[in-house]
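A short worksheet on the structure shown next.
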Amino acid sequence: MELLNIEGTPKTPTIVLNPSTGVIDIKGRSIPENSIEFYRPVVEWLDEYIKNPQSNTVVNVQLEYFNTSSSKCILDVFKKLETLKKNQKDVVINWYYEEDDEDMLEAGEDYESIIKVPFKMIQIVD
Amino acid sequence: MSDNSSKKPMSEFLSECYAKMHKGNIIVAYKGEINATIIADTLGLIEAKLSDEHVDNQVRKKLYNVLVECLQNLYHHVDIVPGSNDNQGNGTFVLSKTSEGFYIATGNMVKSSKISILKEKIDKINSLSKDELKEFYKFVLNNQTFSEKGGGGLGLIDIARKTGNKLKYSFTPFNDDYSFFYLNVLVSE
């Protein structure tokens, strides 16, 4: 399996999916008009990864902004991770938010209440 | 709007609709085609303008988020009136500042057949408390399938939730088939 590296743009995040370390990074802004198209390769990569995953998968989500169209796709990504958990693998989602960004913290808590994977809320300190 | 509105040419009708959207000091006003490039350019422009002003970081982020949803709502839901030309535009928005905060007004033509569904949805959102909105958002996020247009039906719920304010709206009939949909939200400061 190959590493997938998607470079960020003003409307889409930088995404790095590393099969040999089990680390997944999603960072930046996610506000594309067509989120399904943007997230399709990520979801496809995860479909492959969960067949032969690392024993420990760490997902770092550090988004500055995301639109509601992306929120559905992010949920789809997280739902793939639930499968790892079901298969007795360790998974953690590190959800980063800026100190004064209550909306971003709340968005993470929304996902935490829907997805059966452990979340860690991490405040970014400058 | 009186019954003779349908007799007006579209340009005159739209000018009257636009005139009602202005409130306070205008930061950015736009009318015309709404596409992905226009949205990106507008967001860039507004971001630059806001960084010049002394806006609290939390308000700035909220405003940016709500703007994205408002503009993308326009992008996904503008209905083109048959026979209208490009110069008349098909969507409009105004960002303005008052002592209360920032107002984001959007306007676009919609098929009149959509009014009842849209009205019902906004009225429902406006009737919900903060906690009920959170639950409604999570329910739609987890249960509703994506529309082809890319909208998850979450935009308006998210706008209401993030602003904590009611969504103000109106429909002004243009002719038998189309109406001007006006939406106005306040990001309080």
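The values are calculated or read from the model by the stated rules, or taken from the named source; none is laboratory data. Keep in mind it's a predicted model, so treat the numbers as computed, not measured. All Cβ positions, glycine included, derive from the backbone under ideal geometry; neighbour counts span all protein chains shown. Ligands, DNA and RNA are excluded from the accessible area calculation, which covers all protein heavy atoms including side chains. Shrake-Rupley method; radii C 1.70, N 1.55, O 1.52, S 1.80 Å.
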Just a yes or no: is a residue in the range A:17-31 facing chain B (nearest Cβ under 9 Å) and either in a loop (DSSP other than H, G, I, E, B) or in contact with a Ser or Thr (Cβ under 6 Å, 6 or more places away or on another chain) (or both)? yes
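Condition test on A:Lys86, is it open to solvent by 60 Å² or more (accessible area, probe 1.4 Å) and at pLDDT below 95?
Working: open to solvent by 60 Å² or more (accessible area, probe 1.4 Å): yes; at pLDDT below 95: yes.
Answer is yes for this residue.
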B:Asp123 is checked against (1) open to solvent by 40 Å² or more (accessible area, probe 1.4 Å); (2) modelled with pLDDT of 95 or more; (3) over 18 Å from B:Ser170 (Cβ atoms) and fails just one. What number does that condition carry? (3)
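Could you check the range B:32-55 and list, in sequence order, the residues that are surrounded by 16 or more Cβ atoms within 10 Å (Cβ to Cβ) and closer than 15 Å to B:Gly91 by Cα?
Residues satisfying the conditions are B:Ile34, B:Ile38, B:Ile39, B:Thr42.
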Scanning the range A:102-126 residue by residue, those in contact with a helix residue (DSSP H, G or I) (Cβ under 6 Å, 6 or more places away or on another chain) and in a loop (DSSP other than H, G, I, E, B) turn out to be A:Ile115, A:Lys116, A:Val117
Failed condition for A:Ile93, given (1) under 14 Å from the mean Cα position of the chain (by Cα); (2) within 14 Å of chain B (Cβ to nearest Cβ); (3) crowded, with 16+ Cβ neighbours inside 10 Å: (2)
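When the residues of the range A:36-80 are narrowed to those that are outside any strand (DSSP E or B) and β-branched (Val, Ile, Thr), which ends up surrounded by the fewest Cβ atoms within 10 Å (Cβ to Cβ)? Walk me through it before giving the result.
Of the residues in the range A:36-80, the ones outside any strand (DSSP E or B) are A:36-55, A:67-80.
Keeping just the survivors that are β-branched (Val, Ile, Thr) gives A:36, A:42-43, A:50, A:68, A:74, A:77.
Working: A:Ile36: 17, A:Val42: 21, A:Val43: 14, A:Ile50: 17, A:Thr68: 26, A:Ile74: 22, A:Val77: 21.
Within the range A:36-80, the match that is surrounded by the fewest Cβ atoms within 10 Å (Cβ to Cβ) is A:Val43.
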Counting only residues that are surrounded by fewer than 16 Cβ atoms within 10 Å (Cβ to Cβ) and more than 17 Å from B:Asp158 (Cβ to Cβ), the range A:96-126 contains a total of 11
What residue, among those in the range A:1-35 that are small (Gly, Ala, Ser) and over 26 Å from B:Ile46 (Cα atoms), is least open to solvent (accessible area, probe 1.4 Å)? A:Gly22
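Please go through the range A:62-82 and pick out each residue that is away from chain B (no Cβ under 14 Å) and under 22 Å from B:Val140 (Cα atoms). Let's see the steps before the verdict.
Of the residues in the range A:62-82, the ones away from chain B (no Cβ under 14 Å) are A:62, A:80-81.
Result: A:Lys80, A:Leu81.
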Which residues, taken from the range A:81-101, are among the basic types (Lys, Arg) and in a helix (DSSP H, G or I)? A:Lys85, A:Lys86
For B:Val68, are the conditions met, namely being buried (at least 18 other Cβ atoms within 10 Å of the Cβ), of a type outside the set (D, E, K, R) and within 13 Å of chain A (Cβ to nearest Cβ)? yes
